[in-house]
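Working notes for the structure below.
What follows draws every value from the coordinates through simple rules; no lab data is involved. The model shown is predicted, which means the values in this text are computed figures rather than measured ones.
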Amino acid sequence: MPASKPADRPLQRDDVRAVAAVAACVRAGDARLLWIAGDGRRALIEWAAGHAAASGFEVLRARPRGPGREGACGVLAMLLHREEAPHDAAPSAAVAEASAAAVARLLRSLAGLRPLAIVVNGAQRADAISLRTLVDLVAAPGDLAVLVVRGVASARDAALRDALARLPPGRPTTGIELAA
């Protein structure tokens, strides 16, 4: 009989409760960043997305393939279900920043209509502009109902540490590190 893979790890009650508690806070208007790290994280990320949808959230999803493979703002383009147009050269930094700002305004508008859950599995492979834009949504002052769920390979991921450092003091975050 083959050994079970880490992805086959059953959901743990405490992990599910933690995700549900974070979603409840967001529904009450408190933006949150939830990160999930470790082997078997895909099942919990999928559960979080399903729970958010069942709770009335608009759920946007992205799964980056690797640094630079989607281009600047690649994850943001995925969230809007837009295929990256082929191009000869990467957009300038100014164009990429302007695009990210426009998408952030759109996401804020969506969150004003109903709670918004943004699910990025494989965030360690995402472009920096997209990740910064999503963290800035959570960091924004006010009562924006945004939940950003980031799946990362390890809690020691450099991009995750950078994201947490960008959040203002006192902004609640929740991390779930799954045991192997």
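Taking a ≥ b ≥ c as the square roots of the Cα gyration tensor eigenvalues, with a/c under 1.5 meaning rounded and otherwise prolate when a/b beats b/c, else oblate, which class fits region 91-180? It comes out oblate by the Cα gyration axes.
Inter-part distance, region 151-171 to region 102-147, computed on C-alpha centroids, equals 14 Å. With a/c under 1.5 counting as rounded, go ahead and sort region 3-62 into rounded, prolate or oblate using the C-alpha gyration tensor (a ≥ b ≥ c being the square roots of the eigenvalues; past the cut-off, prolate if a/b is larger than b/c, else oblate). Prolate.
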